[in-house]
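Below you'll find the structure, written out as structure tokens, and then a few comments.
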């Protein structure tokens, strides 16, 4: 990890000196202390945990102005575990599993090639009040994490490798991203798109994915299936409260099984630097009737523009399993 950091700093210095590029070394560190128990767990686990509100990451991004409104951009960023300093979100996760791409951007939008976000990521994390928390956000847990006895709704990770992405320019508040993964697995590919619209207090989103490959390690699904996932979402900021709602479905071509998920949430400012967060997600498998319900109530307080502290209380239930309650307090710093 230290050698990789030194290499990136060196690369940033060389790039800045030779190409006069805009190069930034950046990242985010998030650590929490908590007592965690999800539905089905035998007992609580008392932990110093990593990535309570946002998955910790570090890396380098940059761009070069090519003239005529055209820019070349790159991003090499990777996740890390604050508990032991290991790279990645889990063992086997590539070092630059967050971003490893190069792109061209201009008035036409952006064309990107390499590893980057999957279609499901931004709609999921922007349209729930607890954001990109893979620890405490009910919608993220249901869509992207899953639990034994209740699989995640979206099977193909929040980032895709070996993809080409076209992003439109902002058109009166509307932006779209079209993703196509060409990973060299014969007859298999992932494809999808998302839309995001923001105008005044209103936010709207939609995404669709047709998945045949796992990520970040790319391979065909073990059962050879094709999975389809879609979601619609919206938000409204009334000033005193900002509300969120989503609805989505996922299914496989090998069975009639369909998983439906909806979520509701609210963010309530209590001061210029603090807000109360509440979020609920409900998922149900149509054939078995098995249901998962997760509710989180928390508080997030900014000590500065780059540093905040938070406290979260979460309840998790799955039909036929023991219920779980988790609590955590943490600190998040951006650099």
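None of the figures in this text is laboratory data; all of them are computed from the coordinates on show. Every value quoted in this text rests on a predicted model; they were computed, and no experiment measured them. Ideal geometry is used to build each Cβ from the backbone, glycine not excepted, and the neighbour counts take in all protein chains shown.
Observations
- Label zone of residue 226 (point 7 Å out along Cα→Cβ, amide N under 20 Å): in region 98-120 this covers 119-120.
- Modelled FRET efficiency - R0 51 Å, residue 174 with residue 35, Cβ distances, 0.05 increments: 0.75
- Whether region 242-311 is rounded, prolate or oblate, judged on the alpha carbon gyration tensor where a/c under 1.5 counts as rounded: prolate
- Label corresponding to Rg and Dmax of the Cα atoms in Å when calculated from the structure given, among [x] 20.1, 62; [y] 21.4, 68; [z] 23.7, 77: [x]
- With the simple spin-label model, which puts each label point 7 Å out from Cα in the Cβ direction, the residue 202 to residue 306 separation comes to 3.8 nm.
- Residues considered: 197, 32, 180. Largest GNM mean-square fluctuation over the chain, using C-alpha springs under 10 Å, is found at 197.
- Most fluctuating residue given options 183, 118, 153, as computed from a GNM of the chain linking Cα atoms under 10 Å: 183
- Relative contact order, whole percent, for the chain stands at 15, derived from Cα pairs under 8 Å and 6 or more residues apart.
- Relative to one another, the C-alpha centroids of region 52-93 and region 147-215 are positioned 19 Å apart.
- GNM result for the chain, Cα springs below 10 Å: residue of 223, 157, 308 fluctuating most strongly: 223
- Stretchable slack from residue 25 to residue 48, in nm (0.36 nm times residue separation minus alpha-carbon distance): 5.6 nm
- By definition, a body whose alpha carbon gyration tensor gives a ≥ b ≥ c is prolate when a/c is 1.5 or more and a/b is larger than b/c, and region 161-215 fits this prolate description.
- Gain on full stretching of the segment that runs from residue 257 to residue 148 - 0.36 nm per residue minus C-alpha separation: 37.5 nm
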